[in-house]
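For reference, the structure is listed below as structure tokens.
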Amino acid sequence: MAKAIHVRVPGTSANCGPGFDCLGLACSIYNDLTLTLTEEPGLSIDIRGDGARIIPRDERNVVWRSVRYLLDKAGHTEWQGGRLELVNHIPLSRGLGSSAAAIVAGLKAANVWLGNPFNRHELLQFATDIEGHPDNVAPAIYGGFTSSISQDGHVECLTFLPRYRMRYVVAVPDFPLPTKKAREVVPQEVTRADAVYNIGRASMLVGALCKGSERYLRYALDDALHQPYRAKLIPGMYEVFAAAKQAGAYGASLSGAGPCLIAFVPENRHCADDVAYAMQKRFADFNVRARMLNMRLDTRGAHVINERPQADADAKTATVDQPQANADA
Ligand code: HSE
């Protein structure tokens, strides 16, 4: 009986304000993949949840392409076809790492299928090669916060956990924003003043998270490199940031390339619901309808849920529920 590999991958929020293309965090919202490979050609892709109506179910599918990428890297040519079951909870094209999750899910499941020939660092390298930048794929693989660098095609990533518990309150606007479009508006060159602005805040952010110095987050989530240019694509962006802060958040930033906005909220002040309400209401002033997510940090990253015979997998995946927010640091 054929086996099936069931993996779960968290959504991610890249940039974290000043860390454009470098910083990222994993949050407690997940996509699931159950993979079976066959020696006969032929592909069957079943998709439920977010994007089910528009994600390709053929050779163009990003999860499948990532599976194939890993099989090629491992030099395995005997697996010609496959069956994929996707259960998606991460909003598509909204800035919560749906594309990174698809890539990581395909790589991770294929790696497990082959008996784990590659370690996580190698998976990070592959995922970055496919995605083009490491800031979403790194936290999707490792969980927690990640600081990544990429040079001459080689990627390195430092993972860390903040010293205090936070809630990550995310406003998900009802319109998608293609990453390509959101990157086109960001200038290729920046002034020294803007570079210094971001270096100071990005380093202060990492230090404040690791050291537990909460009060610095008030300043450390601001950015001069991408958000000012992307603001025109997201009506009310800075006003929603201000509303989140006013309601008790440390601060807020664009999540990845947007259009999601993410507020960093102290858990011990129990104000996450107030922050969510304030953000949603302020967005509405600009005619943007947004649904709200209240998440924790994911600290596991991509992981295996189960390896089991196919018949059993059929029964189980039909009832996979979105897991509750996982325990944070
Ligand atoms: N760092 C990327 C950006 C994340 O802001 O464009 C989106 O993939």
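The values are calculated or read from the model by the stated rules, or taken from the named source; none is laboratory data. Just so we're clear, the structure is a prediction, and the values are computed from it rather than from any experiment. When we count neighbours, we look across all protein chains shown, and the Cβ atoms used for this are built from the backbone with ideal geometry, even at glycine. When the accessible area is computed, the model is the full protein with side chains, heavy atoms only, and any ligands, DNA or RNA have been set aside. Shrake-Rupley method; radii C 1.70, N 1.55, O 1.52, S 1.80 Å.
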TODO: Would you mind putting 5-15, 191-201 in packing order, based on average other-beta-carbon counts within 10 Å, highest first?
DONE: 5-15, 191-201
Task: Burial order of peptide ranges 210-216, 279-285 (average beta-carbon count within 10 Å, highest first) - done: 279-285, 210-216
Task: Positive-end residue of 176, 197, 13, charge dipole of the chain with Cβ unit charges - done: 197
TODO: Measure nothing but the geometry: give the 0 to 90° angle between the long axis through the Cα atoms of 98-113 and the longest principal axis through the Cα atoms of the chain, rounded to 10°.
DONE: 30
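If you average the sequence gap of Cα pairs under 8 Å that are 6 or more apart and divide by the length of the chain, what percent do you get for the contact order? The partial results should precede the final answer.
Values: 772 pairs, mean separation 85.0, N = 329.
Over the chain, the number comes to 26 percent.
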Open item on the list: Compute the distance from the alpha-carbon center of the stretch 93-169 to that of the stretch 1-52, in whole Å.
Closed with: 11
Open item on the list: Can you tally the lysine pairs in the chain where the Cα-Cα distance is under 16 Å and the two residues are eight or more apart, or on different chains?
Closed with: 6
- [ ] Find out how many positive minus negative residues lie around residue 255, taking Lys and Arg as positive, Asp and Glu as negative, among other residues whose Cβ is under 13 Å from that of residue 255.
- [x] 0
Open item on the list: Which one, 206, 56, 109, projects farthest toward the positive side of the charge dipole computed for the chain from Cβ point charges (K/R +1, D/E -1)?
Closed with: 206
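Kindly provide the helix-only [θ] at 222 nm of the chain, computed as the sum of -39,500 (n - 2.57) over DSSP H runs of four or more divided by all residues, to the nearest 500 deg cm²/dmol?
Calculated mean residue ellipticity at 222 nm is -10000 deg cm²/dmol.
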Task: Share of carbon and sulfur in the accessible heavy-atom surface of the stretch 1-134 [1.4 Å probe, %] - done: 50
Task: Global form of the stretch 107-239, assessed from the alpha-carbon gyration tensor, a/c cut-off 1.5 - done: prolate
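How big is the dipole moment of the chain about its Cα centre under a simple scheme where the beta carbon of each Lys and Arg is +1, that of each Asp and Glu is -1, and everything else is neutral? Debye, nearest 20, please.
Values: 36 positive and 35 negative charges, 180 e Å.
Charge dipole of the chain: 860 debye, to the nearest 20.
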TODO: Would you mind putting 171-182, 154-165 in packing order, based on average other-beta-carbon counts within 10 Å, highest first?
DONE: 171-182, 154-165
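Summarise the long-distance tail of P(r) for the chain by giving the % of C-alpha pairs beyond 33 Å. Show your work: numbers first, answer last.
Details: 13061 of 53956 pairs.
It works out to 24 percent of all Cα pairs.
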Task: Cα gyration tensor shape of the stretch 179-236, rounded if a/c is under 1.5, else prolate or oblate by comparing a/b with b/c - done: prolate
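From the Cα gyration tensor of the stretch 1-156, with a ≥ b ≥ c the square roots of its eigenvalues, which class applies: rounded if a/c is under 1.5, or else prolate if a/b is larger than b/c, or else oblate? Display every interim value, and only then the final one.
Values: a/c = 2.07, a/b = 1.39, b/c = 1.49.
Because a/c hits 1.5 or more and a/b fails to exceed b/c, the stretch 1-156 counts as oblate.
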Open item on the list: Angle check, please: helix 120-131 long axis (alpha carbons) against the longest principal axis of the chain (alpha carbons), in degrees 0 to 90, nearest 10.
Closed with: 80
- [ ] May I ask you to give the solvent-accessible area per residue for the chain, in square angstrom, as obtained with a 1.4 angstrom probe?
- [x] 44
